[in-house]
Amino acid sequence: MQPDPEPEATADAGPDTVPHALFEALVREHGPRLRVFLGAAVRDPLIQDELFQEALLVAWRRIGDFDPERSFGHWLRGIARNLILARRRADGRRGPLVAPDVLEELGALCEVDGPEGERLGEELDALRVCLDHLPDDARSAVRLHYTDGHRGPELAERLGRSVEATKKLMQRVRARLFDCMTMRLEAREGI
């Protein structure tokens, strides 16, 4: 069992004081961005779904902690972030989970409203698909660099390559991801 990443709910507020329909409406409004956030942070769709459900359960149990003056979506993603970090600690940093500082940036990006927010979701979906189509060595290099934070000589050593070969690999991977994402996004827009 994973540790509960959220503090205890206050005694005077909780699921019994919030109408179920209001909570459902908030989840309908903010759930898609939570899924984008989780999709960007976790590659495995089963883990994404598990974390989504866990985040909603924690939010329902801890609804008394929510400050209505703040963004529900931000609060919900904060719960998901804590769950991701707890899972990361429990798994001993194994698995395709994003580094904590990247989670912060993803959370900020998910605050974007309107067409820009929709575009961001489409871009993250395209990135996820394009990452899945990379060869194993390229995907491993991306994970080691962007998820685990390895740079320069350390990254080269982990990949069993020279520093120059590693730089070249990362350049090719970035170019391939850019081309793949551009093609997918243009196809989606009918360009």
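Laid out as a table, the results:
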read-out	value
Near pairs, Cβ below 8 angstrom, 6+ apart or cross-chain, from segment 10-32 (assigned by TED's automatic domain parsing to the domain that holds Leu51 and part of a loop (DSSP other than H, G, I, E, B)) to any residue that is charged (D, E, K, R) and at pLDDT below 85	none
Residues of segment 45-72 classified as more than 15 Å from Leu83 (Cα to Cα) and either of a type in the set (A, V, I, L, M) or in contact (Cβ under 8 Å) with a residue 40 or more places away in the chain (or both), total	5
Members of segment 55-86 found to be surrounded by fewer than 16 Cβ atoms within 10 Å (Cβ to Cβ) and either part of a loop (DSSP other than H, G, I, E, B) or hydroxyl-bearing (Ser, Thr, Tyr) (or both), listed by number	Asp67, Pro68, Glu69, Arg70, Ser71
Arg172 without any contact (Cβ under 8 Å) to a residue 60 or more places away in the chain, closer than 25 Å to Arg88 by Cβ, outside the structural domain of Asp91 (by TED's automatic domain parsing) and in contact with a helix residue (DSSP H, G or I) (Cβ under 9 Å, 6 or more places away or on another chain)	no
Filtered residue count, segment 33-54, keeping only those that are modelled with pLDDT under 85, among the charged types (D, E, K, R) and crowded, with 17+ Cβ neighbours inside 10 Å	2
Identity of the residue in segment 66-104, aliphatic (A, V, I, L, M) and farther than 22 Å from Asp132 by Cβ, that ends up modelled with the lowest pLDDT	Ala90
Residue under evaluation Gln2, criteria (1) modelled with pLDDT of 85 or more; (2) part of a loop (DSSP other than H, G, I, E, B), criterion not met	(1)
Of all residues in segment 133-191 being part of a helix (DSSP H, G or I) and among the acidic types (Asp, Glu), the one that is surrounded by the fewest Cβ atoms within 10 Å (Cβ to Cβ)	Asp136
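The values are calculated or read from the model by the stated rules, or taken from the named source; none is laboratory data. Just so it is clear, the structure is predicted and the values come from calculations on it, not from any experiment. Heads up, the Cβs are rebuilt from the backbone with ideal geometry, glycines too, and the neighbour counts pull from every protein chain shown.
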